[in-house]
Every structure is written in structure tokens, then in C-alpha cells.
Amino acid sequence: MDAAAQESFRDFVANRSSALLKTAVLLSGGDRHAAEDLLQNALIKAAGRWHRIDEPEAYVRQILYRQQVSRWRLKWRRRELTVAEPPEGARGGGDASSDTELRVVMRGALARLTARQRTVLVLRYFEDLPEADVARLLGCTVGTVRSTAHRSLARLRQFAPELAALGPADAEQQPVSRDFSPLEVRP
């Protein structure tokens with residue numbers, strides 16, 4: 001890699017790594033260490049082809065998605081993830097503690113999904129990709145993406161009933177955060 005390409009790569013990593021890490025954290029179910037490994041491997045692969053990449057962020061994101069798909073296709077036993085239980089009680093008004101509670105609940109619910117379900121939800125609702133693009137990235141049909149997204153949202157509602165209690169009107173009033181945006185919740 002020549003000096004100009006190396007400088008371009010360093011600028012890309014400095015400017016976009018935090019956004020890419022957020023996506024990796026969601027893909028890995030909230031496991032920050034696994035997310036850092038996922039992102040680091042994606043950046044290593046991108047660095048080797050840097051001079052041939054037209055759209056670096058799209059390229060690195062695609063590597064992230066494909067690596068995550070490869071991880072959940074492996075026959076390894078799933079490790080158990082230890083998370084703190086969210087506090088009990090009704091959601092309050094728009095204070096910071098209720099927003100934090102929503103994030104904790106969402107993180108816990110996402111961690112309980114399978115890697116495939118989590119990946120479909122991240123691509124569809126966090127990355128806001130159309131079903132056809134998600135299907136192409138995951139190497140499956142559009143119908144599979146639709147059914148997986150439907151079942152995944154149903155499981156999220158089961159794991160975190162307080163998310164379903166928000167309803168569409170309440171979800172619109174919640175501040176949207178790229179960390180864990182409220183998923184489309186329909187009664």
C-alpha cells in the first residue's frame with residue numbers, strides 16, 4: 001500500500017470506526033469484544049484491497065455482515081452471554097432513565113435472539129436496507145428475510161413486553177438513537 005492509500009485508510013478508520021463498531025456490536029448481540037474482533041477482521045480484509053475499493057464504508061459493512069453470517073453458520077456451540085436484568089417497573093415520561101431502561105431492555109432482548117435473527121433485524125431496521133438487499137447479503141430469498149424478520153420481531157415482543165407496550169405512537173415520541181433505535185412495534 002502506497003503512502004496516499006495508507007493515509008486514506010487511516011482517515012477512514014479514524015472517521016468511520018465508531019459507526020461501524022455500533023453496527024458490529026448489534027450484530028454480535030451486544031458483546032463488545034466480539035464486535036471489536038469482527039470490525040478489526042473486516043478492516044484487515046479491507047486494507048489489503050484498499051486501492052481497489054470504490055465505496056469503502058459499504059465494502060467494510062458488507063464484510064461485517066458476511067463475517068457474521070459465517071460465524072452463525074459454524075457448528076460451534078453458542079456461548080452464554082451474561083447480562084444484568086433490567087429493573088422492573090413501568091416506563092416513565094421522557095426522562096433519561098427511561099431511555100436508558102429502553103436501551104438495556106432492547107440490548108437484553110437482542111442478545112437472546114439467534115445470530116441469524118439479530119443479523120436480519122440489524123440489516124432491515126438499523127441499517128434500513130430493503131429486503132432484497134438483505135437477502136442478497138445473507139445469500140437467501142426475500143421470503144426468508146421476511147419470515148425471519150417477522151419471527152424475530154415476535155420474539156423481541158415476547159422477551160421484552162415493555163417494547164410492545166410502547167405502541168407505534170409512543171415509539172415515534174421516543175428519541176431515536178443509532179445505538180438502539182426502537183424497532184417498529186405493531187400491536
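The values are calculated or read from the model by the stated rules, or taken from the named source; none is laboratory data. Treat the numbers as computed from the prediction; the structure is a model and nothing was measured. Note that each Cβ is placed from the backbone with ideal geometry, even for glycine, and that neighbours are counted across all protein chains shown. We work out accessible area using only protein heavy atoms, side chains counted, and drop any ligands, DNA or RNA first. Shrake-Rupley method; radii C 1.70, N 1.55, O 1.52, S 1.80 Å.
Structure summary
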read-out: Within the stretch 96-117, tally of residues that are within 23 Å of Gly143 (Cα to Cα) and of a type in the set (Val, Ile, Thr); value: 1
read-out: Of all residues in the stretch 132-141 being in a helix (DSSP H, G or I) and open to solvent by 50 Å² or more (accessible area, probe 1.4 Å), the one that is nearest to Ala58 (Cα to Cα); value: Asp133
read-out: In the stretch 87-115, residue modelled with the lowest pLDDT [restricted to those that are outside any loop (DSSP other than H, G, I, E, B) and among the acidic types (Asp, Glu)]; value: Asp99
read-out: Close pairs (8 angstrom Cβ cut-off, 6 or more residues apart or separate chains): in contact (Cβ under 8 Å) with a residue 24 or more places away in the chain in the stretch 3-16, open to solvent by 50 Å² or more (accessible area, probe 1.4 Å) and not in a helix (DSSP H, G or I) anywhere; value: Phe9/Met1
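This table checks each residue for (1) closer than 18 Å to Leu137 by Cα; (2) assigned to a helix (DSSP H, G or I); (3) under 14 Å from the mean Cα position of the chain (by Cα).
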| residue | (1), (2), (3) |
| --- | --- |
| Arg16 | no, yes, no |
| Leu20 | yes, yes, yes |
| Leu26 | yes, yes, yes |
| Glu36 | no, yes, yes |
| Ala46 | yes, yes, no |
| His51 | no, yes, no |
| Tyr59 | yes, yes, no |
| Arg66 | yes, yes, yes |
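Condition check ((1) open to solvent by 20 Å² or more (accessible area, probe 1.4 Å); (2) more than 25 Å from Met106 (Cα to Cα); (3) in contact with a helix residue (DSSP H, G or I) (Cβ under 8 Å, 6 or more places away or on another chain)) across all residues:
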| position | (1), (2), (3) |
| --- | --- |
| Ala5 | no, yes, yes |
| Phe12 | yes, yes, yes |
| Arg32 | yes, no, yes |
| Asp37 | yes, no, no |
| His51 | yes, yes, yes |
| Val60 | no, yes, yes |
